[in-house]
Amino acid sequence: MARKVAAGTDDRAIDEPEVRAPCRSRVPVEEDGDMVEQSMWMRKVAADPGHSAWYVERIRGMARAGDDLAGEARMVDAMVPRGARVLDAGCGPGRVGSALAAAGHEVVGVDVDPELIAAAEHDHPGPRWLVGDLAELDLPARGVTEPFDVIVCAGNVLPFLAPSTRGAVLRRFREHLAPQGRVAVGFGAGRGYGFDEFFADAAESGLAVELKLSTWDLRPLAADSEFLVALLSRG
Ligand SMILES: C[S@@+](CC[C@H](N)C(=O)[O-])C[C@H]1O[C@@H](n2cnc3c(N)ncnc32)[C@H](O)[C@@H]1O
C-alpha cells in the first residue's frame, strides 16, 4: 500500500530513493550554440527509457490513492499575494504547479523531460508547461516577459541537475525573479549535493538565503536534518 505523504513532509515519497542515476556518460547537449552538461535526470531516462512513464504513473497512482501531494504548494501559497506569478522549476508532471494554479496563481512550469511536460499538459491543462533545461532558462525569449513572485523548485530537482550546471541554474533563477521575489527550494541529503555546497553556490549566484528549514511545514533545519527547504531572495 502506498505510503501517505503527510502535508509538508520532506517529499521523498514522490521521488525514487532506491534508484540512483547511472552516471555512464556525461553527454553534452547543444542548444543555441551553448553546450550544457546533460541533466542527471535525462541520463537516467537515456539508460531506462521507461523511467519517465514510470514516474508519471507513480504520481498519478498517488493522486488516485488520495495522497497529499500539495504540501509544498501550500507553503508557497502562504508566501505570495493572491494571483501571484509562479515558476515551477523542474515541474515534472505538474504536481506542485497545478495546485498553485488551482489556488489562483499564474503558473509557468519548466522541465527538461518532454514526456513529463506532456503529462502535465494532459493532467493539468491551464498553466503554461514548457520543455527546457533550467541551465538555459530564458523565458523572455519564449514570450514570458514578466518576472516571478516566487520560483518553487521542489522534489529533489537540484540533485538531478548536471553538477556543472548548478551555478548557472541558480543564476537563471535570480534573473527571473521580481525584485521582491523569492526562491523556495527543497531537496534531500545524501544525493550528491551537500547543503553547504548549495549555500555556497547560492551566494556565488547572488542569491541570499533568508530561511533554512527542514520540511515544507516549516520545521527548522538542524545539523542532522535529512532534508533542506530554503528560501532565497535576490540579496
Ligand atoms: C523527482 S522529479 C520532481 C518533479 C516535480 N518537481 C515534483 O516535485 O513533482 C525531478 C525533476 O527534475 C527535472 N529536472 C532535472 N534536471 C533538470 C534540468 N536541468 N532542467 C529542467 N528540469 C530538470 C526532471 O526532469 C524531473 O521532472
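If a/c stays under 1.5 just call it rounded; otherwise compare a/b with b/c (prolate if a/b is bigger, oblate if not). Do that for segment 161-235, with a ≥ b ≥ c from the square roots of the Cα gyration tensor eigenvalues. Let's see the in-between values first.
On the way: a/c = 2.12, a/b = 1.25, b/c = 1.69.
Judged from the Cα gyration tensor, segment 161-235 comes out oblate (a/c at least 1.5, b/c at or above a/b).
Direction-averaged projected area, Cα convex hull, the chain: 12.0 nm², rounded to one decimal.
Test of understanding: what is the full-extension gain from A208 to E226, defined as 0.36 nm times their sequence separation minus their Cα-Cα distance? Don't jump to the answer; show the numbers that get you there.
Details: separation 18, 0.36 × 18 = 6.48 nm, distance 2.17 nm.
Full-extension gain reported as 4.3 nm.
Largest first, the extents of the alpha carbon coordinates of segment 110-235 on the three principal axes equal 41, 29, 29 Å.
Looking only at GluC sites (Glu not before Pro) in DSSP loops with at most 16 other Cβ atoms within 10 Å, what is the longest site-free stretch of the chain? Here the longest segment lacking exposed loop sites spans 19-225. Return, ordered by residue number, the residues of segment 44-88 whose backbone nitrogen is under 17 Å from a label point located 7 Å along Cα→Cβ of A118. Hits in segment 44-88 for A118 at 17 Å: 45-60.
Indicate the gyration tensor shape class of segment 103-146 (rounded, prolate or oblate), computed on the Cα atoms with a ≥ b ≥ c the square roots of the eigenvalues: a/c under 1.5 is rounded; otherwise a/b larger than b/c is prolate and the rest oblate. Oblate, since a/c reaches 1.5 and b/c is not below a/b.
If both residues of a DSSP beta bridge must be in the chain, then about 50% of such bridges are antiparallel. Can you grab the distance from the C-alpha centre of segment 74-103 to the C-alpha centre of segment 106-182, Å, no decimals? So the separation of the two Cα centres works out to 12 Å. Distance between the 7 Å Cα→Cβ label points at D217 and E197: 3.1 nm.
As a proxy for reagent exposure, ranking D111, D138, D149 by other Cβ atoms within 10 Å from fewest up yields D138, D149, D111.
Within segment 37-126, report the trypsin sites (Lys or Arg not before Pro) that DSSP leaves as loop and that have at most 13 other Cβ atoms within 10 Å.
Values: sites: R43, K44, R58, R60, R64, R74, R82, R85, R95; in loops: R82.
Those satisfying the criteria are R82.
Other residues whose C-beta falls under 10 angstrom from the C-beta of G104 contribute a net charge of -1, scoring Lys and Arg +1 and Asp and Glu -1.
Rule-based calculations on the coordinates, nothing more; no lab input. Keep in mind that what you see is a predicted model, and the values were worked out from it rather than measured. Note: ideal-geometry Cβ built from the backbone for every residue, glycine included; neighbour counts use all protein chains shown.
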